[in-house]
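I have placed the structure first, in the form of structure tokens, so that the comments after it can refer back to it.
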Amino acid sequence: MNTEQRTILLSGDDPNKRDYQSVVEKHGSPCLVYRPSVLEKQFKSLQSALPNVDLYYAVKAHPNSNIVKTIDALGGGFDVASAGEMDLLLKHRISGRRTIHTHPIKKDSEIRDALRFGATTFVVDNVYELKKLTAYRSRVGVLLRVSFRSESAVVDLSRKFGCEPNEVQQLVSEAESLGIHVKGLSFHVGSQCANAHKHAQAIRDCAALMHSINATAKTPMSSLDIGGGFPADYLLQGLDIDAFCAPIRQELNKLPADWHLLAEPGRYLIAPAVDSITTITGKSKRGGLFWYYLDDGVYGSYSGQIYDHTIYPLQVFKTGLTHACILAGPTCDSIDVIAENIQLPELEIGDLVIGLQMGAYTAATKTRFNSLPDAKFVVLDEHAE
Ligand SMILES: Cc1ncc(COP(=O)(O)O)c(C=O)c1O
């Protein structure tokens, strides 16, 4: 774990401290605290940074009813990848028409579930998958996912999915011969992508492919899905999404005005809208270091440290002389350590440790190890149920 990448905030009396304390008094610990107003702000900022791009929230980032309600109220669409994610939307009476199904590999039963749900746009990246859609060709439109490898992304999603750019023409011809409508292309430059020029290059390459294939295709492609990957501000440096997206906008502005532009953001939207509250339940001094044992860890809300390779900023409400210490999770496993060799003022049993920017790929990947209870999901502000 790269502790140098960890942002630690030490404060005596932060205004949020009382909020966190009252959440714990009311709901117990651990908790995940959700602020709908933050999601709303993120959604609107990305919308204004990417004008004319329809945003489909990637439900996988944090599949939660309260989050779905906020996106619904904002008029956003939803990127779904499983029947479970569609079930969540169904509970909120969200029409399949407002979704895109982005999993490139699907069982026939999953395709049928999605069609029953009302989804009509499906992502495909190979001929075997195209063939699965033949039986449903009158009801589906396809986005062909193209692979663009990305070393600047923390999670390179093009390793596992996407066809090579030079395979697109062949796939379009296959789809034509199967009678399947190819609406356009999609890509994902990788999650937590620090470099918007990756998006920009992928847009340029997809546009070039679409223009050249459209010149001879029976039905021209006119949709471009620029995926997700927009970064969260884990280093709390005040990421300016408008400035970040400038190279992307520049490329999008060159596209024909009648093309339908889509994006599937997850992390950027939801990461800053959720904080984790944990409480120190035990303390010991081992090998000269303080070990603090928390009531949530890498098998729970901090699972993103393992699966998503993310180091979350931490906050404690103490100042003063610091000591090297270790923050460990509640399970019996020794991998369950949130932070090693970080410097904190001496903490006591009962003190709170806050994980910031913990909305994306956190609760989504938690496990049930040791049969510990889930962190309670608490809605903090004005949109509370
Ligand atoms: C197909 C697809 N779309 C969208 C996303 C969301 O990406 P991000 O959270 O990086 O915006 C993912 C993430 O895994 C994905 O696999």
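The values are calculated or read from the model by the stated rules, or taken from the named source; none is laboratory data. These numbers were taken from a predicted model, which means no experiment stands behind them. Cβ: placed from backbone, ideal geometry, glycine included. Neighbour counts: every protein chain shown. Accessible surface is based on the protein model in full, side chains and every heavy atom, while ligands, DNA and RNA are left aside. Shrake-Rupley method; radii C 1.70, N 1.55, O 1.52, S 1.80 Å.
Find the all-direction average of the projected area of the Cα convex hull for the stretch 151-249, expressing the result in square nanometres with one decimal place.
So the mean shadow area of the Cα hull is 6.8 nm².
Can you give the % of DSSP beta bridges in the chain that are antiparallel, to the nearest 5?
For the chain, the DSSP antiparallel bridge percentage is about 40.
Check each of the GluC sites (Glu not before Pro) in the stretch 1-47 and keep only those in coil by DSSP with at most 10 other C-beta atoms within 10 angstrom; list them in order.
When the GluC sites (Glu not before Pro) of the stretch 1-47 are filtered for loop state and at most 10 Cβ neighbours within 10 Å, nothing remains.
Tell me the Rg and the Dmax, in Å, that the Cα atoms of the stretch 75-129 produce.
In order Rg, Dmax, the Cα atoms of the stretch 75-129 give 10.7, 34 Å.
Provide Rg over Rh for the stretch 41-135; use the alpha carbon set for both Rg and the Kirkwood Rh (inverse mean inverse pair distance).
Using Cα coordinates only, the ratio equals 1.00.
Of the peptides 209-221, 44-56, how do they stack up when ordered by the mean number of other Cβ atoms within 10 Å, highest first?
For the peptides 209-221, 44-56, the packing ranking is 44-56, 209-221.
With every protein chain kept in place and ligands, DNA and RNA left out, what is the accessible area per residue of the stretch 36-269? Probe 1.4 Å, answer in Å².
42 Å²
Highest first, please rank the peptides 245-256, 112-123 by the mean number of other Cβ atoms sitting within 10 Å of their residues.
Packing order, densest peptide first, comes out as 112-123, 245-256.
Where does the Debye-calculated log10 I(q)/I(0) of the stretch 237-374 sit at q = 0.09, 0.15, 0.22 Å⁻¹, using only Cα point scatterers of equal weight, no solvent?
So the normalised log intensities are -0.37, -0.78, -1.35.
Taking only the Cα atoms of the stretch 3-72, how large is their convex hull per residue, in Å³?
166 Å³
Ignoring any ligand, DNA or RNA, what whole percent of the accessible area of the chain comes from carbon and sulfur when the probe is 1.4 angstrom?
For the chain, the apolar C and S fraction of the accessible surface comes to 49 percent.
Would you pull out the residues with amide H under 5 Å of residue 379's amide H, same chain only if 5 or more places away, H placed 1.01 Å from N?
Counting only residues 5 or more places away or on other chains, the set is 34.
Give me P(r) over the chain, computed from all C-alpha to C-alpha distances, binned every 20 Å, as integer percentages.
For the chain, the binned pair fractions read 28, 52, 19, 1 percent.
Going by Cα centres, the stretch 187-238 and the stretch 300-325 are how many Å apart?
Their Cα centres are 33 Å away from one another.
State, to one decimal in nm, how far the label point of residue 52 lies from the label point of residue 135, with both points 7 Å from Cα in the Cβ direction.
The modelled label-to-label distance comes out at 4.0 nm.
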